[in-house]
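Computed from the coordinates by the stated procedures, all read-outs in this text should not be read as laboratory data. Model, not experiment: these values are computed from the prediction. Here Cβ is always computed from backbone atoms with ideal geometry, including for glycine, and neighbour counts include all displayed protein chains.
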Amino acid sequence: QVQLVESGGGLVQAGGSLKLSCAASEPTFRSYAMGWFRQAPGKEREFVAAISWSGGTTYYADSVKGRFTIARDIAKNTVYLQMNSLKPEDTAVYCCAAAHAILGTTRADEYDYWGLGTHVTVSS
């Protein structure tokens, strides 16, 4: 059972930056592809970014491409989401997820483990 704990959320002004972290409890973290999803109030959960088990392949939603960067530190069992040029529409609860897969995936139903999420609020 992999436990995922997100941190780094908060309140930031539009145009600002935040860096989210997701720490995994499982030492075999390196065998999982990882992803970030978000859910805004009253909206469905949506894919944000994903990274392969090796870190060599990344995927991004069109809405965040060029502004967000996903990365992983295998030694620290941690995946990060660097968010720059934040917009009010980025306001959401951000969750990380782990999938028994080599490559990342944009589909939420292909992830096996989920964190509880961290809140990100971007003020205009």
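Lacking any other cysteine beta-carbon closer than 4.7 Å, the following Cys residues of the chain have no compatible partner: CYS95.
Which order do the peptides 48-54, 11-17, 33-39 come out in when sorted by mean C-beta neighbours inside 10 angstrom, highest first? The partial results should precede the final answer.
Working: 48-54: 21.9, 11-17: 12.6, 33-39: 24.0.
Most protected by this proxy first, the peptides run 33-39, 48-54, 11-17.
The relative contact order of the chain, computed from alpha carbon pairs under 8 Å that lie at least 6 residues apart in sequence, is 37 percent. Between ALA61 and GLN82, the FRET efficiency from the beta-carbon distance, with R0 = 25 Å, is close to 0.95. Projected label points at SER25 and LEU116, each 7 Å from Cα along the beta carbon direction, are separated by 1.2 nanometres. Taking other residues whose beta carbon is less than 12 angstrom from the beta carbon of ASN77, and scoring Lys, Arg as +1 and Asp, Glu as -1, yields +1.
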